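Accompanying notes for the structure given below.
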Amino acid sequence: MFAGLVAASYWYVDIAIAVFLALFLIGGIIKGFAKSTKGFFAFVVIVCASALLMGVTQEAAMDSAVGTGIHDKISAAAGDWGVAFNSPVQRDADGTIYVLVNDSPVKLDTSEFGFKGTIAKFYAERFDVADGDTVSGSAVASATSVCVSAIMFLVFVAAFLIVFLVLRLVLKPVSDSPSKTVRVVDKTLGALLRLFIGLVVLWAIIAIVAAIGEKAGVVNEYISGSAIGGFFYENNPLTTVFTMIFGG
């Protein structure tokens, strides 16, 4: 019976998502496309679109010459981070974290490795570094992902700024047009644009929940278990970026 109640309550998530997207859609109809290409909302559009494209292109960018170059430089620097970061991680039955130093387990903490031990332990716990892997290996991957994501984001933002500048010049007379057809097209495009923004915001929220995983508890379960939420959960272009940065 309890399982049935939980399954039925998944519908609340779907309703919330539908209402959330509907508000963006209605806002676009009221505002129109031409007026949405300037001011603060245009900035939101550019940021959201850039974030979406950043997520879609993340894996390809990581495998590119830029991504591998950044990874190699950070990896080379990681060699100087010390024993706490560059020794294989090991956990005992209680979950206490050790690192193997000359094949002998040494507790990963401040008393053994000083401040570096504190940082390495925090990272190993927060990002759930697997036994046998090093903290530096995981940290290098995360740092590379952050750098590549930042570069791609800035590239897309610059490109969209140019596109929106052109759109403002072209669409300047549209909002004041006496033509009913032009106004209908403007409002239709505005609705689609705002709906797109709503989807990106929704994907960002779900990506954060997915990256946190089991630690998000019931929130993660309800979103992934609902019909609409589950679809966006499984088909989320931002999940790759958030998972690589925040861990899975």
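Here is how the numbers come out for the structure above:
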{"item": "PHE40-VAL201 pseudo-label distance in nm [points 7 Å out on the Cα-to-Cβ vector]", "result": "1.2"}
{"item": "Solvent-accessible heavy-atom area per residue, rounded to whole Å², over the chain at 1.4 Å", "result": "56"}
{"item": "Dipole of the range 127-213, positive end: most advanced residue of VAL185, ALA210, ALA141 [Cβ charges, Cα centre]", "result": "VAL185"}
{"item": "Tilt relative to the chain, helix 110-126 - C-alpha long axis, 0 to 90 degrees, to 10", "result": "40"}
{"item": "Reach of LYS73 by Cα under 20 Å, taken over aspartates and glutamates that are not fewer than 8 positions away in the same chain", "result": "GLU59, ASP63, ASP133"}
{"item": "Principal-axis tilt of helix 135-171 within the chain, Cα atoms, nearest 10 degrees", "result": "10"}
{"item": "Solvent accessible area, Å² - CYS147, 1.4 Å probe, full protein context", "result": "60"}
{"item": "Computed [θ] at 222 nm, deg cm²/dmol, the chain (DSSP H ≥ 4; -39,500 (n - 2.57); rounded to nearest 500)", "result": "-25000 deg cm²/dmol"}
{"item": "Cα gyration tensor shape of the range 64-192, rounded if a/c is under 1.5, else prolate or oblate by comparing a/b with b/c", "result": "prolate"}
{"item": "Residues ALA227 and THR188, FRET efficiency given R0 of 30 Å [Cβ-Cβ distance, rounded to 0.05]", "result": "0.65"}
{"item": "Cα long-axis angle, helix 2-31 against the chain (0 to 90 degrees, to the nearest 10)", "result": "50"}
{"item": "Volume of the Cα convex hull of the range 35-77, divided per residue and given in Å³", "result": "85"}
{"item": "Whole-percent carbon and sulfur share, accessible surface of the range 103-195, 1.4 Å", "result": "69"}
{"item": "Ranked packing of 231-239, 157-165, 81-89, most packed first, by mean Cβ within 10 Å", "result": "81-89, 231-239, 157-165"}
{"item": "Rounded FRET efficiency, nearest 0.05, which uses the C-beta distance separating THR118 from LEU154 and R0 of 41 Å", "result": "0.80"}
{"item": "Relative contact order for the chain, counting Cα pairs under 8 Å that sit 6 or more residues apart, in percent", "result": "34"}
{"item": "Cα centroid of the range 158-204 to Cα centroid of the range 16-77, whole Å", "result": "16"}
{"item": "Residue-wise HN-Hα coupling along the range 87-100, computed from phi with Karplus coefficients 6.51, -1.76, 1.60 (Hz; x: Gly, Pro)", "result": "9, x, 7, 9, 10, 8, 4, 8, x, 5, 8, 10, 10, 8"}
{"item": "Calculated FRET efficiency for the pair ASN102/SER142, C-beta based, R₀ 35 Å, to 0.05", "result": "0.80"}
{"item": "Under 15 Å, Cβ to Cβ, from ALA65 - net charge with Lys/Arg +1 and Asp/Glu -1", "result": "-2"}
{"item": "Alpha-carbon Rg/Rh ratio, for the chain, with Rh computed the Kirkwood way", "result": "1.10"}
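The values are calculated or read from the model by the stated rules, or taken from the named source; none is laboratory data. Predicted model only: the values in this text are computed from it and were never measured. Virtual Cβ from ideal backbone geometry, glycine too; neighbours counted across all protein chains shown. Ligands, DNA and RNA are excluded from the accessible area calculation, which covers all protein heavy atoms including side chains. Shrake-Rupley method; radii C 1.70, N 1.55, O 1.52, S 1.80 Å.
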